[in-house]
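The values are calculated or read from the model by the stated rules, or taken from the named source; none is laboratory data. This one's a predicted model, so the numbers in the text were calculated from it and none came from an experiment. Cβ coordinates were reconstructed from backbone atoms using ideal geometry, including for glycine residues, and neighbour counts include every protein chain displayed. For accessibility, only protein heavy atoms count, side chains too; no ligands or nucleic acids. Shrake-Rupley method; radii C 1.70, N 1.55, O 1.52, S 1.80 Å.
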Amino acid sequence: MEPDNQTSSSEFILLGLSEKPEQETLLFALFLSMYAVTVVGNLLIILAISTDSHLHTPMYFFLANLSLVDFCLATDTVPKMLVSIQIKSKSISYSCCLTQMYFFHFFGIMDSVLIAVMAYDRFVAVCHPLHYTSIMSPRLCGLLVGGLWVFSGFISLTHILLMVRLVFCGNNELPHYFCDLTPLLRLSCTDTSVNKIFVLIVAGVVIAMPFICILASYARIIVAIVKVPSAGGRKKTLSTCSSHLSVVVLFYGTTIGVYLCPSSVRTAVKEKASAVMYTAVTPMLNPFIYSLRNRDLKGALMKLVNRKITSTS
């Protein structure tokens, strides 16, 4: 039962990664460096793919979108934390909190499903190479990515519409460094059962189902690789998938722990550690994973850097 004089909080206090002031300088330097690498790395990937005609293929089209999403996901969470540390203010208004949560879920959903789409692309390339061009047509690629943007926007907006129903009173301290859904639900003094049910449904649709599809795709890919007669051919085929597989392990290894594990085994510390992985570490590492293991992309990046050096000299 809600008291008649209950009022909703107008702001929240983000407690951050550490409540010890002496650690904040180190955290600021660390996350500023990580964010700078994330921005430069992902923007270079996008520029290299867009300017090199040899990379205008479905695989690199999806990779450019993944880099854009990773850049936006990190930008939604890390700068706010850096500003909070710098100005010694941990408050965030209710409207800003909901806005940050909307874009966090928007780009998080994009990330999850886009990785699954990339797995399907690799499955078609390895298992149906003769039909790859006709199956992965520019029209299909555009529809997949465009539909994903619409789908992500709809799910994220639904989260926000369900959230504005809730009332937050009493404790407004959020044990996190950004406005995530699960910690926010714990602060509400109204019934959150509908929100929790929707969270489970969405987690099943955008995390569990894509992950199962990825496992199924790679099971077929492994069977196809085993059938390749030469060791060199098997190695070459496997190398085209190894980068994507590394990203799958990084991303789903943390998101599954946060959104699909029972609440009884989750703690605020574990949630923050997992969030750091998929909002800061994974977006920073993805450009290195793809560029270091991909000769064509590495060559495009080198040409892009050399072109910039030549134009400035």
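Largest first, the three principal axis extents of the alpha carbons in segment 158-214 are 43, 24, 14 Å in whole numbers.
For segment 69-195, the spread of Cα positions along the three principal axes, ordered from largest to smallest, is 62, 36, 20 Å. Backbone amide hydrogens, once placed in the peptide plane, bring residue 173 within less than 5 Å of 13, excluding anything fewer than 5 places away on its chain. Note on the chain: with a GNM built from Cα contacts shorter than 10 Å, the maximum mean-square fluctuation among 212, 13, 115 falls on 212. In summary, the convex hull built on the alpha carbon positions of the chain has an orientation-averaged projected area of 19.2 nm². For the chain, the membrane-span-like helices by this rule, meaning whole DSSP H stretches whose C-alpha atoms cover at least 20 Å of axis and whose Kyte-Doolittle mean is -1.0 or above, are 21-51, 58-87, 94-127, 138-163, 209-226, 231-259, 295-312; this says nothing about an actual membrane. Applying 0.36 nm per residue to the separation of residue 186 and residue 131 and subtracting their alpha-carbon distance, the gain on full extension is 14.8 nm.
Regarding segment 184-230, what is the average projected area of its C-alpha convex hull, in nm²? Mind dumping the intermediate values first?
Details: hull surface 17.3 nm².
Mean projected area of the Cα convex hull: 4.3 nm².
For residue 35, neighbours were defined as the other residues whose beta-carbon sits under 12 Å from its Cβ, and their charges (Lys and Arg +1, Asp and Glu -1) total -1. Across the alpha-carbon atoms of segment 19-107, the computed radius of gyration and Dmax are 16.3, 50 angstrom.
Pick out, in residue order, every one of the trypsin sites (Lys or Arg not before Pro) in segment 65-170 that is DSSP loop and has at most 14 other C-beta atoms within 10 Å; say none if there are none.
Numbers: sites: 80, 88, 90, 122, 139, 165; in loops: 88, 90, 165.
Answer in residue order: 88, 165.
Quick one: how many lysine pairs does the chain have with C-alpha atoms less than 24 Å apart and a gap of 8 or more or different chains? Give me the count, please. So the count works out to 20.
Applying 0.36 nm per residue to the separation of residue 310 and residue 25 and subtracting their alpha-carbon distance, the gain on full extension is 98.8 nm.
Arrange the residues 107, 28 by how much accessible surface each exposes, largest first, with a 1.4 angstrom probe.
On the way: 107 20, 28 55 Å².
Accessible-area ranking of 107, 28, largest first: 28, 107.
Working note: 222 nm ellipticity from helices only, DSSP H runs with n ≥ 4, each -39,500 (n - 2.57), summed and divided by the residues of the chain, gives -25000 deg cm²/dmol to the nearest 500.
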